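The next block holds one structure in the form of structure tokens; read it before the comments.
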């Protein structure tokens, strides 16, 4: 009977700690989302031109889910790419790593894709400048289509506030 109680308590502990870790992992992903938006600023020229952006953030990790490289897909405007390359090393990748280590611990995938979209809050532009050509490059990185196993993560969307 004593063995049964200890086993039952141990089982409850394991279930609770797993739930707690998953909640923390989701919090870490939300924190990474906020960190990304506060670190990578949408270029002013794109705001002036009312240019919206839809692209992918490719995150490559090693076997223990440590981030080794991040790049934007070819559909990202060159100005956004410059901003990203300038500041990507300031991103808190530990938050993303914690999320991946918890949510995808038993998965051998080393490439994760995060859909990114930038739009405008209270759009005062006559039209949004997104074209089919941009979407053509959505799945390309350095002019090559993604190949191999990938996992899509929850999209990150940004609303840029325009000052009148």
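Numbers at a glance
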| quantity | calculated |
| --- | --- |
| Residue 48 versus residue 151: modelled label distance in nm, points set 7 Å from Cα along the beta carbon direction | 4.2 |
| Which of 57, 113 has the fewest Cβ neighbours within 10 Å, and the rest in rising order | 113, 57 |
| Residue order, fewest to most beta carbons within 10 Å, for 30, 142, 97 | 142, 30, 97 |
| Neighbour-count order for 50, 55, fewest beta carbons within 10 angstrom listed first | 50, 55 |
| Segment 90-120 residues near the modelled residue 63 label - backbone nitrogen below 20 Å, point 7 Å along Cα→Cβ | 97-98, 100-112 |
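Values quoted throughout were computed directly from the atomic coordinates according to the rules given, and no laboratory measurement underlies them. Just so you know, these numbers come straight off a predicted model, no measurement behind them. Quick reminder, even Gly has a Cβ in these numbers, built from the backbone with ideal geometry, and neighbours come from all protein chains shown.
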